[in-house]
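Engineer: Below you will find the structure I want to go over with you.
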């Protein structure tokens, strides 16, 4: 069985010290990068130039979560730059399969994200075109929100399809993940856990990553620590 994946979110890091903050979570499976355009969500964060700089500062694979309009235009350059996984929102495009195809052609894994109030059922038939499903457990746009437990039904639905062999993808969750919520997410079938303040708000971010991984493994029916 695979091990839980922890993806610290640099949205909660010190933006003036991003290279140091990336080094502080060495041992994490992915480094989660939230890109917001102040159109798709009401916040503006960082963009491609900072991702390009981060790629030079860390060996941790970058998990870029694009909360932006027009991902067909803007997502492939993140893949071309060297991001490992590039995720965009189902709500931001009429042709998610085409965007995923272009991301993969540019050299990255392709992820699809859905907001808390977006049903998963309309997208089940296209998930074979993706490497990652990112279930949002808060409304996208700002860090530090409370976990929305009702979204775990989406993770359970997709986990059943993965376990039956109908799908091959990573089930990821983002929003309000900490030591109190990671177990419920793991039990629901999540593989990868994005955590912001739970990691970067800790005195020892690397230890926080390890603690989240251990709690997830203990609660998960399909994950284990090596």
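Engineer: Restricting to segment 12-44, what's the tally of residues that are under 20 Å from residue 93 (Cβ atoms) and in contact with a helix residue (DSSP H, G or I) (Cβ under 7 Å, 6 or more places away or on another chain)?
Structural biologist: 3
Engineer: Answer with yes or no whether residue 8 is more than 17 Å from residue 109 (Cα to Cα) and in contact with a strand residue (DSSP E or B) (Cβ under 8 Å, 6 or more places away or on another chain).
Structural biologist: Numbers: more than 17 Å from residue 109 (Cα to Cα): yes; in contact with a strand residue (DSSP E or B) (Cβ under 8 Å, 6 or more places away or on another chain): yes.
So residue 8 passes the test.
Engineer: Can I ask one more? Can you go through 209, 162, 199, 190 and tell me which one is out of contact with any helix residue (DSSP H, G or I) (no Cβ under 7 Å at 6 or more places or on another chain) and at pLDDT 95 or above? Working first, answer last.
Structural biologist: Details: 209 fails: out of contact with any helix residue (DSSP H, G or I) (no Cβ under 7 Å at 6 or more places or on another chain); 199 fails: out of contact with any helix residue (DSSP H, G or I) (no Cβ under 7 Å at 6 or more places or on another chain); 190 fails: out of contact with any helix residue (DSSP H, G or I) (no Cβ under 7 Å at 6 or more places or on another chain).
162 is the lone residue from the list that is out of contact with any helix residue (DSSP H, G or I) (no Cβ under 7 Å at 6 or more places or on another chain) and at pLDDT 95 or above.
Each row is one residue, and each column tells you yes or no for (1) under 30 Å from residue 183 (Cβ atoms); (2) touching a strand residue (DSSP E or B) at 6+ places or on another chain (Cβ under 8 Å); (3) modelled with pLDDT of 95 or more.
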residue: 28; (1), (2), (3): yes, yes, yes
residue: 44; (1), (2), (3): no, yes, no
residue: 49; (1), (2), (3): no, no, yes
residue: 52; (1), (2), (3): no, no, yes
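Engineer: Residues in segment 53-67: is at least one in contact (Cβ under 8 Å) with a residue 40 or more places away in the chain and over 18 Å from the mean Cα position of the chain (by Cα)?
Structural biologist: Taking every residue of segment 53-67 in turn, none turns out to be in contact (Cβ under 8 Å) with a residue 40 or more places away in the chain and over 18 Å from the mean Cα position of the chain (by Cα).
Engineer: Assess whether residue 58 counts as being in contact with a helix residue (DSSP H, G or I) (Cβ under 7 Å, 6 or more places away or on another chain), on the phi < 0 side of the Ramachandran plot and modelled with pLDDT of 95 or more. Show your work before the answer.
Structural biologist: Values: in contact with a helix residue (DSSP H, G or I) (Cβ under 7 Å, 6 or more places away or on another chain): yes; on the phi < 0 side of the Ramachandran plot: yes; modelled with pLDDT of 95 or more: yes.
Against the criterion (in contact with a helix residue (DSSP H, G or I) (Cβ under 7 Å, 6 or more places away or on another chain), on the phi < 0 side of the Ramachandran plot and modelled with pLDDT of 95 or more), residue 58 qualifies.
Engineer: Across segment 1-13, what is the total count of residues that are part of a loop (DSSP other than H, G, I, E, B) and within 19 Å of the chain's Cα centre (by Cα)? Walk me through how you get there before you give the answer.
Structural biologist: First, pick out the residues of segment 1-13 that are part of a loop (DSSP other than H, G, I, E, B): 1-4, 13.
Next, only the ones that are within 19 Å of the chain's Cα centre (by Cα) stay: 2-4, 13.
The number of residues fulfilling the criteria is 4.
The values are calculated or read from the model by the stated rules, or taken from the named source; none is laboratory data. Because the structure is predicted, anything quoted here is derived from the model rather than measured. All Cβ positions, glycine included, derive from the backbone under ideal geometry; neighbour counts span all protein chains shown.
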